[in-house]
Amino acid sequence: MTYGDAKEQVRQSTDIVELIGKHLELRRAGRGYVGRCPWHDDRRPSLQVNPDRQTWKCWVCDIGGDVFSFVMKREGCDFREALQMLADRAGIQLSSQPQKKIAPGSPDDKNTLYQCCDWAAKQFHECFLRSDNAAVARQYIEDRSISRESIERFKIGFSPNEWTWILDRAKNTPHSPKVLEAVGLLGKSDKTGNYYDRFKGRVIFPIHDTQGRTIAFGGRILPGTADENAAKYVNSPETRLYTKSDTLYALDIVRDRITKTRHLTVVEGYTDVILCHQHGVDDVVACCGTALNERHIRLLKRFADTVFLVLDGDAAGQSRTNDILELFVAAQMDLRILTLPEELDPAEFMLERGGEAFRNLLGGAIDALEHKVRTATRGIDLARDTHRANLALEDILTTIARGLPAGAIDATALRAQQLIARLARQFAVAEGDVRSRFNELRRANPRGQKPEVRSHIIEVPSDLRPVTSFSAEETELLEILVLHPELAATALTDVADDDITSSPARQIWQTYRYLEEGGHSLDFHTVLSEIEDPQLKHLLVKIDDLAQERSPKAIFDGHERLRTVVRKFHQRHELRETRRLEDLLQQRTFNEEEEETVRKQMLAAKRRQQGIHAPTDG
């Protein structure tokens, strides 16, 4: 399947009303639907969904597009990631390589794996709520002061201290042992080859992806229910559904709550997250059994601009800061550091002091670079202990340089330069010397950049302008193409790319040309799917809306409208040419014979502009 075929198949397999309706409450309004836009304070539903055109828009936010645009906006991802998400949702394989046929119910079928994880989460949750075997788990959760509401919200479960409990419950279901193993619920003995329950004797915390699907589990050991030498926490191994570095616990719950603030708070443990939410701090997530890393940062950046990293008050919590600071510097994200007092973890802090005190501390969280400076210089007399001061300065500069290798020119780099000036003053060192050392460290830490992957080359300008900035002729031309795609080939012959002067309009026009030259359909849906930039998608949807609104009032049919607008483009071309020749005449670059020829050309052009034909002989 080609890339273009995949886009079209995914588009046709996704109903926009069903897609958006899973995330927003939609109600009928005439031939379409409306709902409250999640990207502004929408008290009266202003997000409109058109099921006929398979488009959506919010006039207040001035955004909209198709199914791909909605996923890109909601997930904070690019087109290819949105395509993959929608393909997974529709059960479509995107690989261009020949694929073996995947049998439903097999360990290779992702839909089967999702269903198995969802089934297991319900089994664990029901066991926790009702089984006599789960009394010890319920007591543990009660001792942690986790409420019944939190148990339901996070679907806390329990796996009895039995070697084959989940395996036995799956016997009369479609979930085979191999499927259970494929999602990490079962392990296999090296000695006997027998399956066993990976999470036996543990409280279960289901882990979800950003779309709310269960993909993995975290298990907390309970005293007296498992081997004393067993790990305190066990997490699912990585599977076809689950990658630890691409997952944050509770992100599916908080993502819609932070669309306006774009703030996220990161803590360490499952119970830390649960108790924060329970006490009203509901923007909190956690890593799943692995340290915060570069892939987590990319995930965070999709949903947040500012991240508050909450560190336990112990030494181990403090030492982790240096490991991740450079990742945030490189990602150009605002990282704030909050150190909890008295070596408390977030769960303990909530129980002792409450959510309001926690929010007050977050309000005073310091910038990560400032945290680095304070940590590196703690206990050092910068004026007298010059050796230790120089080592601290080197440490700070090294950390910043790793995040900003040579060639990085952006707002964060400028911020680092400002920090250099401040460091120079603080350490009483010449600013030029600090800057010189910083640049040496940057050059010593080059970071390779991944090549950009593209389909056909459509360069999107950074200053996309709204439809209102299109000329009347450009708007009319694109309206005609949307309403009458059968006329596109004629239009593309009669109008040159250079005649389209608005940069966004030219990008849409060139998409039509690309598809026409490739022999593809030029209907509205195909063109909209081909465009990958969400802003351009939105512009095309606005043009379509305008065209549909004006169409019933049009006096002429499509052919006559096209002839009229092409004539206007030709007149504009003649006018530009006349002005060019006038400029050349003023510059006196011609001899007498050339000047006479140019004046005749100008006269002919002006006659054509006025609809006057040159006289003929006879």
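Each reported figure results from applying straightforward, stated rules to the coordinates on display, with no laboratory input. Please read these numbers as outputs of a predicted model, since none were measured by experiment. We place every Cβ from the backbone using ideal geometry, glycine too, and count neighbours over all the protein chains shown.
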Legend entry - Burial ranking of peptide ranges 145-151, 49-55 (average Cβ count within 10 Å, highest at the top): 49-55, 145-151
Legend entry - Cross-link partners of K301 among lysines (Cα-Cα below 16 Å; sequence separation of 8 or more within a chain): K73, K260
Legend entry - Globularity index of the stretch 4-143, i.e. its alpha-carbon radius of gyration over 2.2 N^0.38 Å: 1.40
Legend entry - Potential lengthening between T490 and E356 on full extension [0.36 nm per residue; Cα-Cα distance subtracted]: 41.6 nm
Legend entry - At R0 = 56 Å, FRET efficiency that the Cβ-Cβ distance of R27 and E592 yields, to 0.05: 0.15
Legend entry - Cut-off 17 Å (backbone N to label point 7 Å along Cα→Cβ of A472), residues of the stretch 482-501: 501
Legend entry - Equivalent ellipsoid, the stretch 141-208 (semi-axes from 5 times Cα gyration tensor eigenvalues, Å): 27, 13, 10
Inset, instruction - Would you calculate the separation in nanometres between label points at D118 and Y514, each defined as 7 Å from the Cα along the Cα-to-beta-carbon direction? - result: 3.6
Inset, instruction - Output the pairs from K110/K244; K110/K171; K188/K244; K57/K122 with a Cα-Cα distance over 29 Å in this structure; if there are none, say none. - result: K57/K122
